Amino acid sequence: MKHKIFLLSLLSVLFFALGCNDDDLPFSDCFREPDGNKNLNFNILNGPTVTLPSKVSIFFKVTDNSGNPVGFLTEDNFVIFEQGLNDECHREISLESKRKISPDEQFFSHTTMLVLDLSGSVLENNLEPLRMAAIEFIDAIMPDMPDNSTAMGIWWFDGEDILHSLVPVTYSKSTLKLGILAIDQSISVDNSTDLYGAVIKAAEEAQNILDQQVDSIISAVSVVIFTDGKDKANRYLTGDAINAVNSSSNDITFFTIGIGVEIDGQILSQLGRNGFASSADIGELALIFNNVASLVSAEANSYYLFEYCSPIRNGTSNGLIIEANFSEPGNSMFGNFQTTFDATGFTGGCDL
């Protein structure tokens, strides 16, 4: 796992929540929360589930109070409290109890859609900087060793009423890079810019990706759209594109990147409801792509499959509180949630 960092997106992100959360049950009077504002939130997506001999597993997403994803937390950021049959209060579980953040491939899949403007102005003036920036973006998002939880596909648009597929959704970093390197000036036959049509079609494709996942997998899609100008095709209304973004599932996040002096930052910021970055200087394109990659990566890595070995050996409704703590100079954050679990049949020998 990458080194621990804390990244916030530019705009609020709304996420669905399944199962229990800390509003479902009252915290016991003797459980003392840390001083200060509670500013980390848990969205429980699956669990708690139990596996004999005594493993407890919970799949959740962590956000701040604005809904921004909090990524790259480690086992050391979490504290476990349990309350058994004879416990008046929740008690902290010793650090000697095994615990880990497990690979979440069996529960979660994140797909990034990279959508590139390859209209005439890009191909004629900015193709090489775009190639290099896109390759760095791929390096930042995709793991070196493919796994079943992180995928990416690449699409492009020009003036046609088509969202062209460049590289179908894949787990392979090398396949994505080869697709980028294969772009040349002959790829487009229409040098206009159908930006709004591309946004509308990208939103539809993102929903198709979600719909194709099996029911047991929790899925999310991040759409990243790059352009160097305004919509020139005038095929679709501005409001139609904005509505396509705003009416999309909460499991779809939208980020926009604008470069050059011809972009409409106000519109792009609305189309990138979860993040927008821009610059008039093409020399900053790689930096901007990397900044957006950080936001997308934080989103994908704010989902946690947390597992631990419980010392409890009985009881159908044992209390459980998981607390998250994160701190760095000038910034301290914490949050928690409460639920219960069934320890029927629990014995020794748990191993993660």
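The values are calculated or read from the model by the stated rules, or taken from the named source; none is laboratory data. Not measured: the values here are computed from a predicted model. We place every Cβ from the backbone using ideal geometry, glycine too, and count neighbours over all the protein chains shown.
What tally of residues in the stretch 181-198 results from selecting those that are of a type outside the set (A, V, I, L, M), surrounded by 20 or more Cβ atoms within 10 Å (Cβ to Cβ) and either outside any loop (DSSP other than H, G, I, E, B) or free of Cβ contacts under 8 Å to residues at least 60 places away in the same chain (or both)? Quick ask: steps written out before the conclusion?
Restricting attention to the stretch 181-198, the residues satisfying the condition of being of a type outside the set (A, V, I, L, M) are 184-186, 188, 190-194, 196-197.
Checking which are surrounded by 20 or more Cβ atoms within 10 Å (Cβ to Cβ) leaves us with 188, 193-194, 196-197.
This time we only want the ones that are either outside any loop (DSSP other than H, G, I, E, B) or free of Cβ contacts under 8 Å to residues at least 60 places away in the same chain (or both), so: 194, 196-197.
Count: 3.
Can you name every residue in the stretch 205-230 that is of a type in the set (D, E, K, R) and without any contact (Cβ under 8 Å) to a residue 40 or more places away in the chain? Matches in the stretch 205-230: Asp211, Asp215, Lys230. One residue stands out among those in the stretch 316-333 that are in a strand (DSSP E or B), at pLDDT below 90 and not polar (S, T, N, Q): the one that is farthest from the chain's Cα centre (by Cα), which is Glu328.
Considering only the stretch 111-146, how many residues are assigned to a loop (DSSP other than H, G, I, E, B) and among the hydroxyl-bearing types (Ser, Thr, Tyr)?
First, pick out the residues of the stretch 111-146 that are assigned to a loop (DSSP other than H, G, I, E, B): 118-119, 126, 142-146.
Narrowing further to those that are among the hydroxyl-bearing types (Ser, Thr, Tyr): 119.
Of the residues in that region, 1 qualify.
Checking each residue in the stretch 182-224 for being farther than 25 Å from Leu295 by Cβ and of a type outside the set (Gly, Ala, Ser) picks out Asp184, Gln185, Ile187, Val189, Asp190, Asn191, Asp194, Val214, Asp215.
Select, from Lys38, Lys61, Lys2, the only residue that is modelled with pLDDT of 85 or more and either surrounded by 16 or more Cβ atoms within 10 Å (Cβ to Cβ) or basic (Lys, Arg) (or both). Explain how you work it out, then say what you get.
Values: Lys38 fails: modelled with pLDDT of 85 or more; Lys2 fails: modelled with pLDDT of 85 or more.
None of the other options fit; the residue is Lys61.
The single condition among (1) among the acidic types (Asp, Glu); (2) surrounded by fewer than 22 Cβ atoms within 10 Å (Cβ to Cβ); (3) out of contact with any Gly (no Cβ under 6 Å at 6 or more places or on another chain) that Glu299 does not meet is (2). Within the stretch 256-275, residues that are over 20 Å from Ser294 (Cβ atoms) have Cβ atoms under 8 Å from residues that are surrounded by 24 or more Cβ atoms within 10 Å (Cβ to Cβ) and hydroxyl-bearing (Ser, Thr, Tyr) in these pairs: Ile263/Thr227, counting only partners at least 6 apart in sequence or on another chain. Count of the stretch 147-175 residues, restricted to those that are in a helix (DSSP H, G or I), under 22 Å from Glu299 (Cβ atoms) and β-branched (Val, Ile, Thr), is 0. The number of residues in the stretch 219-248 being touching a strand residue (DSSP E or B) at 6+ places or on another chain (Cβ under 8 Å), within 17 Å of Gly275 (Cβ to Cβ) and of a type outside the set (Phe, Trp, Tyr) comes to 9.
Filter the stretch 83-141 for residues that are among the polar types (S, T, N, Q) and more than 16 Å from Gly179 (Cα to Cα) and give the result.
Scanning the stretch 83-141 gives Gln83, Asn86, Ser94, Ser97, Ser102, Gln106, Ser109, Thr111, Ser119, Ser121, Asn125, Asn126.
State all residues of the stretch 317-352 that are among the small types (Gly, Ala, Ser) and either within 26 Å of Thr63 (Cα to Cα) or touching a His at 6+ places or on another chain (Cβ under 7 Å) (or both); if no residue qualifies, say none. Lay out the reasoning, then the answer.
In the first step, residues of the stretch 317-352 are kept if they are among the small types (Gly, Ala, Ser); the result is 317, 319, 324, 327, 330, 332, 335, 343, 345, 348-349.
Those that are among the small types (Gly, Ala, Ser) and either within 26 Å of Thr63 (Cα to Cα) or touching a His at 6+ places or on another chain (Cβ under 7 Å) (or both): Gly319, Ala324, Ser327, Gly330, Ser332, Gly335.
Can you say whether Ser97 is at pLDDT below 90 and out of contact with any strand residue (DSSP E or B) (no Cβ under 7 Å at 6 or more places or on another chain), as far as the supplied structure shows? Criteria not met by Ser97. Residue-level check: of (1) charged (D, E, K, R); (2) exposed (fewer than 15 other Cβ atoms within 10 Å of the Cβ); (3) more than 30 Å from Asn234 (Cα to Cα), Asp161 misses just (3).
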